[in-house]
Amino acid sequence: MMLSAPSGSDLQDRTEGAAADTAAASRRGGRPSRTQSEQLGERILSAATHLFLTHGYGATSIEAVARQARVSKRTFYHRFEDKPALFGAVVHRIIDRLRPPANLPLLEGANLQEILERLAGFILRAALSPQAIALHRLIVAESARFPQLVATVTKEGATEEAIRLIAGVLDREARAGNLEVDDSAFAAEQFLYMVMTLPQRRAMGLGTPMPPALLDAWVRDVVNLFLNGCRGWDRGAT
């Protein structure tokens, strides 16, 4: 099943509110400024984010979003083609806000273990943020009915971005003779899911959520296991 396309009534509704919007624009003295337009877009996205994450994709209508954002449907359709486009914008906004600032150094550390622990900490904080958990819960609950929800999240490329970053670190260490790895992308993918899968599942209610102290220990132990395997585990070194 694909995400629903606009129905005939939805297309007709795109012209609703034209008179009201025209009158409002006249009262404002014409078209909104760029700042006002950006603020309006943010208001729509904030309303949509709340409704999608609270009620789910299927139960959220464009009418509800417009009502929550206090805009006409004409104003809504001027910015978003349809509900799938709105959901894509919401996902992009959530994931973009989970990324660390561009000026934040991610690969700092005296050695590979410290670098990976730093990366794992960033990954875990993002994966366990309230909006990330709510989005993950939505995808799990509704992807059978709306398969393109998964594609929408995948399109953002956050997972692939993290894998490439980790793989780059592993390749650099392998070239320096500090590590032996045959397939850095595969190893990076395994590391990523080792870091976040169990804590994320427990945060979603599949077990007891892990407190901060346990999450810190989890990061150290995952990095230790990843680097040392099961051949020799020196817990005293951490």
Exclusive hit being on the phi > 0 side of the Ramachandran plot, under 18 Å from the mean Cα position of the chain (by Cα) and loosely packed, with under 15 Cβ neighbours inside 10 Å, set GLY157, GLY177:
GLY157
Looking at segment 195-211, is at least one residue part of a helix (DSSP H, G or I), surrounded by fewer than 16 Cβ atoms within 10 Å (Cβ to Cβ) and under 17 Å from the mean Cα position of the chain (by Cα)?
yes
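Residues are listed down the side, and each one gets a yes or a no for (1) at pLDDT 95 or above; (2) in contact with a Pro (Cβ under 7 Å, 6 or more places away or on another chain):
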position	(1), (2)
THR49	yes, no
PHE52	yes, no
VAL65	yes, no
VAL71	no, no
ASP82	no, yes
HIS92	no, no
ALA102	no, no
PRO105	no, no
GLN113	no, no
Across segment 175-184, what is the total count of residues that are in contact (Cβ under 8 Å) with a residue 40 or more places away in the chain and of a type outside the set (S, T, N, Q)?
1
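Yes/no matrix, rows are residues, columns are (1) surrounded by 15 or more Cβ atoms within 10 Å (Cβ to Cβ); (2) free of Cβ contacts under 8 Å to residues at least 60 places away in the same chain:
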{"position": "LEU116", "(1), (2)": "yes, no"}
{"position": "GLN131", "(1), (2)": "yes, no"}
{"position": "PHE146", "(1), (2)": "yes, no"}
{"position": "THR152", "(1), (2)": "yes, no"}
{"position": "GLU173", "(1), (2)": "yes, no"}
{"position": "PHE186", "(1), (2)": "no, yes"}
{"position": "GLU189", "(1), (2)": "yes, yes"}
It is to be established whether one or more residues within segment 157-174 are out of contact with any strand residue (DSSP E or B) (no Cβ under 6 Å at 6 or more places or on another chain), among the acidic types (Asp, Glu) and in a loop (DSSP other than H, G, I, E, B).
no
In segment 142-156, anything in contact with a helix residue (DSSP H, G or I) (Cβ under 7 Å, 6 or more places away or on another chain) and assigned to a loop (DSSP other than H, G, I, E, B) is listed as SER143, GLU156
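The values are calculated or read from the model by the stated rules, or taken from the named source; none is laboratory data. What you see is a predicted model; the values in this text were computed from it and never measured. Note that each Cβ is placed from the backbone with ideal geometry, even for glycine, and that neighbours are counted across all protein chains shown.
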